[in-house]
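Novice: Please read through the structure below; I'll follow up with questions.
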Amino acid sequence: MITPAFEITQDPAFLTIVIKVPYARVSEVDVYIEGDDFKFYAKPYFLRLSLPGRIVEDGRQKATYDVDKGVFTICVPKETPEQHFEGLDLLTALLAPRGTRSCKPLVEEIGSQSELPEEEEEEEFDWQIEQTPYEEPSADVLHCSYGFGNSRSGVFRRLQDELNDIIDLRDPDVTPVLERTPKRLAAENSKFDPDHYLADLFEDDAIQHLLKYQPWWLVALEEASSASEDSENKKVTFSEKEKDQLRQFSNKSYLLDKKTERVVFLGLIDLLLAYCYEIRVTEGEKNVESAWNIRKLSGTLSWFENYNSIKDVLVSFGRRVLCYPLYRHFSLVTKAMKDTFSLLKLGKAAVLKCLLDIHAIFQENDPVYILNDLYITDYCIWIQKVKSKKVACLSGIVQEAGLSKADVGFELAELEEAARLVQEEEEEEEDLQTASDTGPRQPAALLVSETSSSDSSSETDDDSSNSIESESEDSSASLQRDTDNLYLEDVEQSQKPQSTAENPHFSGSPTPVPSKVVEVIDEDFQEITHSLHSSVHGQEDPATNCATLLPENITVNPPAREYLEVTPGPNPLLIIGQSDQEGNVALGKPEPCPTQMLN
């Protein structure tokens, strides 16, 4: 809390206390009167006085507030009329808490223990705030100015701790105007995030939606487009709340030289740019972050900047949009510039309506309301007295001014080009991955290799020896595959067309006679089954069913010559051809399983 400057005077019946509280929040003033204790609170100021006499609160007390001077005048009746209060000019004594004037020294020389007086009852601990008298700042501190028209100084010398969260400039009362711009640029350079910028650039669905929003001034401009210039201001109406705000402002004039007036106009453009961005990104529905957005995007409010040209204003606004808010897209910068041009084209009534809205937003936020006292209130009063021709001229300046990505200074073009190259490479990699996933799982060369391997295995020597291993399923599969190869080879040979000259009895349809398969079955099958039986079952009956010849834990490696898989029933491949006298082959009935023939 801050102890304000104050003065106390008296007459026979009243005590008059004058308290200076500039930039205080006067809507929340609290005064406490009881006995010789007086307390005053208006955030961020707090004053507690221990008076030499008693005062009362009997309905005769009154208080007034001078808005221009920021001074409260409180008249409090004395409990005993005609009583004279001594020492009202001793400010330090008045600020001391009760009971501290008669306190004993902290260190005393004492005698023996028997000479000590009886221990007095310990007083209750007082948690009151320590206060120091206010001192006017010296002349060497007042060389830095800010606020509307650079008319304020020394405000943040005592309010810096309270206002650290609302401005980016530290120690504005001792920071010259020329040093503010380099510090602002350095802070923006450190704050810029390329990843955030690129994310908003390539994933801009939400931003494209915001760009289509139509704020109230665009609607009013369309309605005023068919009317004359004299009736443009009539298209902007004020609500009862806005009219009440206007009634609370005091009527005063501003004497500004040409240089200061130029700074004020450029600051107005800066405020309107920040306001237009806020209304667009919230689509007219202001929220708790609205005050933060406006003051953060405005270099005038956050750094107390004094701009020299419209180009400086646009560059500052563009950089801050790309550094601080949630949506950091360059299209929002250009859109806010067009919105500002539309507002100025509507006239000073539309500008005043925007300033009143900013004033209401700041007034509801603590401690941002201090910016109203420094800038917004004065802008609201001043714009009403500005000539309309100057506002129209300002609108033309904004329309002619342009801003490119190169002006912002974050190397945005190079950053976007690098991001696009990376994106193209990723897309090419995805296409290649998709093509490889949808292609054939087995190359043609592998299929040729397997076919040639199968053909070569069918031509191996008949005298290769048999071997028994542990897995019967692999042996059975291998035996079945090789036998199928032999069968297909015989079918292909049997299906070759023959001329009627060579065979007069040719019927025109091929006869699939698996001669090699029959030969293999007749000559070698009994020997193989007998060998397997002997190896696995010892001396068991050879007439056992064919399904029991190969246990699950036995694997038989087939010989070089290929054989059919043993099946328990009649084998459809065992087709015995019968030849007639002329040598023609006729199909016969399927023969039973060779194992059954043994019985």
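Novice: If you split all Cα-Cα distances of region 304-380 into 10 Å bins from zero, what percentages do you get per bin, shortest first?
Specialist: Going out from 0 Å in 10 Å bins, region 304-380 shows 16, 35, 46, 2 percent.
Novice: With each label point set 7 Å from Cα along the Cα-Cβ vector, what nm distance links TYR327 and GLN83?
Specialist: The answer from the label model is 6.5 nm.
Novice: Same structure, new question: Once fully extended, how much extra length lies between ASN287 and SER309, figured as 0.36 nm per residue of separation less the alpha-carbon to alpha-carbon distance?
Specialist: Between ASN287 and SER309, full extension yields an extra 4.7 nm.
Novice: In region 345-385, how does Rg compare with the Kirkwood Rh, expressed as the Rg/Rh ratio over alpha carbon atoms?
Specialist: Values: Rg = 10.5 Å, Rh = 10.3 Å.
Ratio of gyration radius to Kirkwood radius for region 345-385: 1.02.
Novice: When the convex hull of the C-alpha atoms of region 1-88 is computed, what volume per residue in Å³ does it have?
Specialist: Per residue, the Cα convex hull of region 1-88 comes to 89 Å³.
Novice: Residues in region 242-280, backbone N under 19 Å from the label point at LYS387 (7 Å along the Cα-to-beta-carbon vector): list them, ranges by number please.
Specialist: 253-266, by backbone N distance to the label point.
Novice: Also: Label points 7 Å out from Cα along the Cβ direction at ALA13 and ALA413: separation in nm?
Specialist: Placing both labels 7 Å beyond Cα along the Cβ direction yields 8.0 nm.
Novice: In whole Hz and in residue order, list the ³J(HN,Hα) couplings for region 298-304 that follow from phi through the Karplus curve 6.51 cos²θ - 1.76 cosθ + 1.60, θ = phi - 60°; x for Gly and Pro.
Specialist: Values, residue by residue: 9, x, 5, 7, 8, 10, 6 Hz.
Novice: Could you let me know the centre-to-centre spacing of region 325-370 and region 11-29, using Cα atoms, in angstrom?
Specialist: Cα centres, region 325-370 to region 11-29: 35 Å.
Novice: Take LEU90, project a point 7 Å from its Cα along the Cβ direction, then tell me which residues of region 1-25 have their backbone nitrogen under 11 Å from it.
Specialist: Those under the cut-off are none; the list is empty.
Novice: Whole-Hz Karplus ³J(HN,Hα) for region 41-54, in order, using 6.51 cos²θ - 1.76 cosθ + 1.60 and θ = phi - 60°, x for Gly and Pro?
Specialist: 9, 8, 3, x, 9, 9, 10, 10, 10, 9, 7, x, x, 9
Novice: OK, next. Would you pull out the residues with amide H under 5 Å of ASN308's amide H, same chain only if 5 or more places away, H placed 1.01 Å from N?
Specialist: For ASN308, whose amide H was placed from the backbone, there are no distant partners under 5 Å.
Novice: Can you tell me which of 372-379, 2-9 comes out highest on packing, and rank the rest after it, using the mean Cβ neighbours within 10 Å?
Specialist: 372-379, 2-9
Novice: Determine the per residue accessible area of region 186-330 with all protein chains present and a 1.4 angstrom probe, expressed in square angstrom.
Specialist: Solvent-accessible surface per residue comes out at 50 Å².
Novice: Shifting gears a bit: Separation between the GLU426 and LEU211 pseudo-spin-labels, each 7 Å from Cα along Cα→Cβ, expressed in nm?
Specialist: 2.1
Novice: Relative to the present Cα-Cα distance, how much length would full extension add between ASN251 and THR73 at 0.36 nm per residue of separation? Please report the intermediate quantities before stating the final value.
Specialist: On the way: separation 178, 0.36 × 178 = 64.08 nm, distance 2.15 nm.
Difference between extended and current length: 61.9 nm.
Novice: Cβ under 12 Å from TYR197's Cβ, TYR197 left aside: what net charge do those residues give with Lys, Arg +1 and Asp, Glu -1?
Specialist: -3
Novice: Report the per residue volume, in Å³, of the convex hull enclosing the C-alpha atoms of region 314-425.
Specialist: 123
Novice: Also, I was wondering about something else. Return, ordered by residue number, the residues of region 370-401 whose backbone nitrogen is under 20 Å from a label point located 7 Å along Cα→Cβ of ALA187.
Specialist: Residues passing the 20 Å test: 370-376.
The values are calculated or read from the model by the stated rules, or taken from the named source; none is laboratory data. Just so you know, these numbers come straight off a predicted model, no measurement behind them. When we count neighbours, we look across all protein chains shown, and the Cβ atoms used for this are built from the backbone with ideal geometry, even at glycine. Ligands, DNA and RNA are excluded from the accessible area calculation, which covers all protein heavy atoms including side chains. Shrake-Rupley method; radii C 1.70, N 1.55, O 1.52, S 1.80 Å.
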